[in-house]
1. Report ³J(HN,Hα) in whole Hz for each residue of the stretch 93-109, in order, from the Karplus equation J = 6.51 cos²θ - 1.76 cosθ + 1.60 where θ = phi - 60°; Gly and Pro get x.
2. State, to one decimal in nm, how far the label point of ASP42 lies from the label point of ASN62, with both points 7 Å from Cα in the Cβ direction.
3. So, in nm, how far is label THR244 from label SER339 when the simple model puts each one 7 Å beyond its Cα toward the Cβ?
4. Give me, ordered by chain and number, the residues 5 or more places off ASN211 or on other chains with an amide H under 5 Å from its own placed amide H.
5. Which ³J(HN,Hα) values, rounded to whole Hz and listed in residue order, are derived for the stretch 201-217 from phi using the Karplus coefficients 6.51, -1.76 and 1.60 in 6.51 cos²θ - 1.76 cosθ + 1.60 with θ = phi - 60°, glycine and proline given as x?
6. Figure the gain on full extension for GLU394 and PHE181 (residue separation times 0.36 nm, minus the Cα-Cα span) and round it to one decimal in nm.
7. Where a Cα-Cα gap under 22 Å defines reach, which lysines qualify for LYS153, not counting those fewer than 8 residues away within the same chain?
8. Could you work out the relative contact order of the chain? I mean the mean sequence separation of Cα pairs under 8 Å and 6+ apart, divided by the number of residues, in percent.
Amino acid sequence: IKDTDVLALFRVTPQPGVDPVEASAAVAGESSTATWTVVWTDLLTACDLYRAKAYKVDAVPNTSDQYFAYIAYDIDLFEEGSIANLTASIIGNVFGFKAVKALRLEDMRLPVAYLKTFQGPATGIVVERERMDKFGRPFLGATVKPKLGLSGKNYGRVVYEGLKGGLDFLKDDENINSQPFMRWKERFLYSMEAVNRSIAATGEVKGHYMNVTAATMEDMYERAEFAKQLGTVIIMIDLVIGYTAIQTMAIWSRKNDMILHLHRAGNSTYSRQKIHGMNFRVICKWMRMAGVDHIHAGTVVGKLEGDPLMIKGFYNTLLEPYLDINLPQGIFFQQDWASLRKVTPVASGGIHCGQMHQLLDYLGNDVVLQFGGGTIGHPDGIQAGATANRVALESMVIARNEGRDYVAEGPQILRDAAKTCGPLQTALDLWKDITFNYTSTDTA
C-alpha cells in the first residue's frame, strides 16, 4: 500500500457459500478494472498497476456473516478534483454485485496528493466567523416553519422576527424552491428585507440561507447571482442536486465570497441501513473535498437518528486538520486533510433551549445550533423563541468560561437565566421534559 493510494473500507456480506476473501477480491476488481471474464485487452494494459487490491479482510465483531474488506486503489484510477469520477468507481456498479448479499462503504482514506486537487470549503469556519463577527460560541439558527405554504411576505416576517430576537441565521428548508404559492424571487426579496431590517435593529451581522436549489445549473446560477446582488452572506443547496452541481456551486461561492450551506436531504436513503449503502462519514469527507461550508451532521439529543460517539466522529471529520484512527467513533483510517478548510457542522431536528448544556458539551463551539420548532413553536411568538435560545446559549457560554461544571449545573444555570428572561422561562416550562429517547439503530 502506497501513501498515494486511495483506501476504502467496505462492510461485505457475502452470499451464502461465497468465501469472504473471494467476495472482497471481487469487490476490489469490480470497482476498478475487472469484468466477469478474462478479456484480450488485459494484455494491452498494466493490469497489476491499475487493479484495486483487497489487502485485509476482518470479521465484523458480533456478526456471523459480515466482514470488513480493506481495499487500496491506485491514485491514477481517478480524475483529479472530481467527486463524480471518484464515486463512479467506489460506489458505481459494485453495489449491485451478485456475489455479495449486501455491501456498505464505511470509511475512506484520501491521500494528500489527491486532496490537493480539490478546492475544499468555499469559506471555512475561520473566515465565516470573521464575516459574521461571531466568536467564542456556537452560531444560532432556525428553519422557517411551516416548510411549505407561506406567502412571501409572511415568510419574510418569520425571518425578521427570528433574527431580531437574537438568532444569527434563518434558513429556507430543503424543499422550498420555487413553488406556485411562493416563487423564489419573491422569497429572496422579502427575506433579504427582513435580514437588513434586523441588522439595523440589532447592530449585528445576520444571514438567511437562500435556497438556490433548482432544476438546472443555469437556474441555480441565476438564483445565486440574484441572492448575491441582494447582499446575502450565505446561500444553500440540497445534497440531492448531485456531486457535480455541489462542486460547481462551491467554486462559484469561493469566487463570490459566499458562505455555502448544504442540507443533507436524501442522505438517509443510503446511510441508515447498517449493512448496505454507505456511512454518512464518507459523505462528510466528500463534501469537505467538494467545498461546502455547512452540512447537517446530527444532534445527539434531537429527533433524528444518531449515536453520540458516531456523531462525534462526523464532527471531527468535518473540523479536524488531522484524524487518527478512532474505532469507537467509526474512524478506521488516519486522514491528513492537507490544509483543506473546515466545514461547520449543523445540528438540527428536535432540539430546544432546555438541552443547551448538553449541546454545548457534546458539540462544542464550532457548530450551528438550529432550533426550528424550538424557536417558531414558542407560545409567545417567534421573536420570544429566538430570545430564549440566545439567552440560554449566552448564559451557558458564560458559565463555561467561568470554569463552572455547566453540564451538571445546566438546568440550574438555565433556571437562573430565566428569572430575568420571561421567554426562556416559558420555553423551559413548555419543553422541559421533551426528549426523543428511542434506541439508536446506529449502534448495531
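FYI, it's all coordinate maths here, none of it is from the lab. Just so you know, these numbers come straight off a predicted model, no measurement behind them. In this analysis, Cβ positions are derived from the backbone assuming ideal geometry, glycine residues included, and neighbour counts consider all displayed protein chains.
1. Taking θ as phi minus 60°, the curve returns 6, 5, 6, x, 5, 5, 5, 10, 6, 7, 8, 9, 7, 8, 6, 9, 10 Hz for the stretch 93-109.
2. 4.1
3. Going from the THR244 label point to the SER339 one covers 3.1 nm.
4. Answer set, sorted by chain and number: ASP172, MET236.
5. 6, 10, x, 10, 6, 10, x, 10, 5, 7, 6, 9, 4, 8, 6, 10, 4
6. Taking 0.36 nm per residue and subtracting the Cα distance, the gain is 72.9 nm.
7. LYS153 reaches LYS145, LYS164, LYS171, LYS185, LYS206, LYS228.
8. With pairs under 8 Å counted, the relative contact order is 16 percent.
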